[in-house]
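A.B. asks: Before I ask anything, let me first share the structure, which is written out below as structure tokens.
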Amino acid sequence: EKFEILEHKADFKIKIFGKDLKELFKNAMVGMFEGARYEKGRENIERKIKISSQDLSSLLVDFLSEVLYFCETNQEVYDYIEFKKITENALEGVLFGKKLKRMGVQIKGVTYHDLDIHREKDSSWEATILFDI
């Protein structure tokens with residue numbers, strides 16, 4: 001299971017799962033775009049991304065915020081990321097995506113409200129994040 005959509009009255013909330021940080025961040029990005037419509041069969045668009053933050057929680061919020069910014073300014077949706085580097089306070093990689101037809105849920109922003117990111121006993125990762133819609 002990559003992610004699940006959680007019940008929330010006014011916003012969009014998801015719980016994300018990953019065997020490592022790379023998978024967790026990729027699944028968070030894919031979950032954020034749940035419901036987006038994009039062009040099929042076209043070539044992948046590539047965008048470089050590089051983020052530095054003070055801690056892991058900020059890194060997740062900053063990463064998703066940057067991906068959302070790319071989505072809005074370039075009218076693209078991303079379904080994969082190839083990481084060159086990822087630590088608890090920095091990441092670098094290449095996003096792969098397609099031209100956006102329309103967003104399912106119009107996300108205004110990525111929030112810190114109810115944000116949770118932690119490692120499970122089996123060393124896998126889990127996070128909960130709330131998006132302002």
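A.B. asks: What 222 nm value per residue comes from the helices of the chain, counting each DSSP H run with n ≥ 4 as -39,500 (n - 2.57) and dividing by all residues, nearest 500 deg cm²/dmol? Don't jump to the answer; show the numbers that get you there.
C.D. replies: On the way: 2 runs with 31 residues, N = 133.
Rounded to the nearest 500, the figure is -7500 deg cm²/dmol.
A.B. asks: Amide H of Tyr80: which non-local residues (sequence gap of 5 or more, or other chain) have their own amide H closer than 5 Å, using H built in the peptide plane?
C.D. replies: Counting only residues 5 or more places away or on other chains, the set is Phe96.
A.B. asks: Here is a further query. Measure up Lys48/Lys121; Lys13/Lys108; Lys13/Lys84; Lys48/Lys98; Lys48/Lys99 against 23 Å on the Cα-Cα distance and list the ones that go over.
C.D. replies: Numbers: Lys48/Lys121 33 Å; Lys13/Lys108 13 Å; Lys13/Lys84 28 Å; Lys48/Lys98 14 Å; Lys48/Lys99 16 Å.
From the list (Lys48/Lys121; Lys13/Lys108; Lys13/Lys84; Lys48/Lys98; Lys48/Lys99), the Cα-Cα distance tops 23 Å for Lys48/Lys121; Lys13/Lys84.
A.B. asks: Over the heavy atoms of His113, what accessible area does a 1.4 Å probe trace out, to the nearest 10 Å²?
C.D. replies: 110
A.B. asks: Going by amide H atoms built from the backbone, whose H comes under 5 Å of the H on Lys13, apart from near neighbours?
C.D. replies: Sorted by chain and number, the residues that satisfy this are Leu6, Phe131.
A.B. asks: Could you work out what % of the accessible surface of the stretch 41-133 is carbon and sulfur, using a 1.4 angstrom probe and leaving DNA, RNA and ligands out of the count?
C.D. replies: On the way: 2180 of 5210 Å².
Its accessible area is 42 percent carbon and sulfur atoms.
A.B. asks: Under a plain spin-label model, where a point goes 7 Å from the Cα along Cα-to-Cβ, how far apart in nm are Lys121 and Phe96?
C.D. replies: 3.6
A.B. asks: Could you pull out every one of the aspartates and glutamates with an alpha carbon less than 18 Å from that of Lys9, ignoring same-chain neighbours closer than 8 positions?
C.D. replies: Correct list for Lys9: Glu34, Asp114, Asp132.
A.B. asks: Using unit Cβ charges (K, R positive; D, E negative) and no other charged atoms, how large, in debye to the nearest 20, is the dipole of the chain about its Cα centre? Walk me through the numbers on the way to the answer.
C.D. replies: Details: 22 positive and 25 negative charges, 113 e Å.
Here the size comes out at about 540 debye.
A.B. asks: Pull up all non-local amide H partners of Asp20: gap of 5 or more, or a different chain, and H-to-H distance under 5 Å with H placed in the peptide plane.
C.D. replies: Hits under the 5 Å cutoff: Trp125.
A.B. asks: Which whole number of Å³ per residue matches the convex hull of the alpha-carbon atoms in the stretch 79-133? Write down the numbers at each step before the final one.
C.D. replies: Details: hull volume 7.2 nm³, N = 55.
So the per-residue hull volume is 131 Å³.
A.B. asks: Moving on to the next point. Under unit Cβ charges (Lys, Arg +1; Asp, Glu -1), what dipole magnitude, rounded to 20 debye, does the stretch 78-133 have relative to its Cα centre?
C.D. replies: On the way: 9 positive and 10 negative charges, 102 e Å.
Using Cβ point charges on Lys, Arg, Asp and Glu, the stretch 78-133 gives about 480 debye.
A.B. asks: For the charge dipole of the stretch 1-116, defined by +1 on Lys and Arg C-beta atoms and -1 on Asp and Glu C-beta atoms about the Cα centroid, which residue among Tyr69, Gln54, Leu21 has the Cα displaced farthest towards the positive pole?
C.D. replies: Positive-end residue among those listed: Tyr69.
A.B. asks: What does the highest-first list of 120-126, 105-111, 59-65, 14-20 look like by mean Cβ count within 10 Å? Walk me through the intermediate numbers first.
C.D. replies: Details: 120-126: 10.7, 105-111: 15.0, 59-65: 20.1, 14-20: 17.9.
The densest-packed peptide leads the list: 59-65, 14-20, 105-111, 120-126.
A.B. asks: Using only the alpha carbon atoms of the chain, find the Kirkwood hydrodynamic radius as the inverse mean reciprocal pair distance, in angstroms to one decimal.
C.D. replies: Numbers: mean 1/r = 0.0673 Å⁻¹.
The answer is 14.9 Å.
The values are calculated or read from the model by the stated rules, or taken from the named source; none is laboratory data. Remember, predicted model here, so these are calculated numbers, not experimental data. So basically every Cβ, Gly included, is an ideal-geometry build from the backbone, and we count neighbours across all protein chains shown. In case anyone asks, the SASA skips ligands and DNA or RNA and just uses the protein heavy atoms, side chains included. Shrake-Rupley method; radii C 1.70, N 1.55, O 1.52, S 1.80 Å.
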